[in-house]
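Taken together, the values in this text are just the output of simple stated rules run on the coordinates, not laboratory data. For clarity, every value in this text was computed on a predicted model and none was experimentally measured. Glycine also receives a Cβ, built like all others from the backbone with ideal geometry; neighbour counts cover every protein chain displayed.
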Amino acid sequence: MKSNRQRRAEIKAKRGLRAMKLQSRLKPRARLGERPLGAVPADHGELSHNNTYGLLPDYYVDRRFICRDCGATETWAAQQQKWWYEVAKGHIDSFAVRCRTCRQRIRKQKMAQKRHMEAMAARPQHPNAAFFRRRMRLSSG
């Protein structure tokens, strides 16, 4: 049977090996702390709205993702990420999940629903609407 000290030492050694393997897979430029080619620098002053315990990024790189709705492979450009996090003040842990066409489709559906609801509110009331309202008050009270 192993003591807690021995178990902790084994766990620490395994973590060290895992970290070395990960470090060896990284590109040499990223290991040296330099920015990858095509990366956009992050402005930490603009990222101050994020209430996070994690580290803030030093730069943004293009990220590939698969659209949640249609399954298309898209790239979230570094410049778009900079706008989202620093100008639009998006949360640092959020990321793109839908392609541009799916986002536009959803936006159109929401606008159509809003126009429909506004048209319904502007429609004249039914002549018996006052009778039904009075009846509902009497039955609930």
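Miscellaneous remarks
- So Ala88, is it within 13 Å of the chain's Cα centre (by Cα) and closer than 30 Å to Asp58 by Cα: yes
- As for the range 108-120, it holds no residue that is in contact with an Asp or Glu (Cβ under 7 Å, 6 or more places away or on another chain) and either part of a strand (DSSP E or B) or under 30 Å from His49 (Cα atoms) (or both).
- Evaluating Leu56 against the criteria (1) of a type outside the set (Gly, Ala, Ser); (2) surrounded by 11 or more Cβ atoms within 10 Å (Cβ to Cβ); (3) without any contact (Cβ under 8 Å) to a residue 12 or more places away in the chain leaves one unmet condition, (3).
- Subset of the range 84-101 (residues that are out of contact with any strand residue (DSSP E or B) (no Cβ under 6 Å at 6 or more places or on another chain) and surrounded by 14 or more Cβ atoms within 10 Å (Cβ to Cβ)): Trp84, Tyr85, Glu86, Gly90, Ile92, Val97, Arg98
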